[in-house]
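Data block below; observations after.
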Amino acid sequence: MGEDEVTMKKKKWVELEEEARRIRKEHADWDFIEKQPPKIKAALKYYIETGDIRRAAYFSGLDLEDFRELLRKAKIPVVV
């Protein structure tokens, strides 16, 4: 694999990540998010920015299943 090919793949990956972040931000119920306790609000915002559901769940203090339910309530899509 040449350097140009690696660069192109990295660029594509960055574009996909940016698109996923945009989708999460657009669909999120920001009123719901802003009304959450600080720890939960920070975890939801972290997930929106990074897409790292496991770390966001850990930050929230919730288990993964409960955090996924919170994402549904906040209307934040899980983009893969």
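Nothing in this text is a laboratory measurement; each read-out follows from the coordinates by a stated rule. Fair warning: this is a prediction, and the values are worked out from it, not measured in the lab. No Cβ is skipped: glycine too gets one built from the backbone with ideal geometry, and neighbour counts run over all protein chains shown.
Structure values in brief
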| read-out | value |
| --- | --- |
| Value of [θ]222 nm, deg cm²/dmol, for the chain, DSSP H segments ≥ 4, -39500 (n - 2.57) each, nearest 500 | -24000 deg cm²/dmol |
| Principal axis dimensions, the range 3-73 - Cα atoms, whole angstrom, descending | 46, 23, 18 |
| Simple spin-label estimate for residue 50 and residue 65 in nanometres, 7 Å along Cα-Cβ | 2.4 |
| Within the range 26-73, trypsin sites (Lys or Arg not before Pro) in DSSP loop having at most 16 other beta-carbon neighbours inside 10 Å | 35 |
| Helix 3-27 axis, angle to the chain major axis (alpha carbon atoms, nearest 10°) | 20 |
| With Cα atoms, 0 to 90° folded angle of helix 38-50 axis to the chain main axis | 20 |
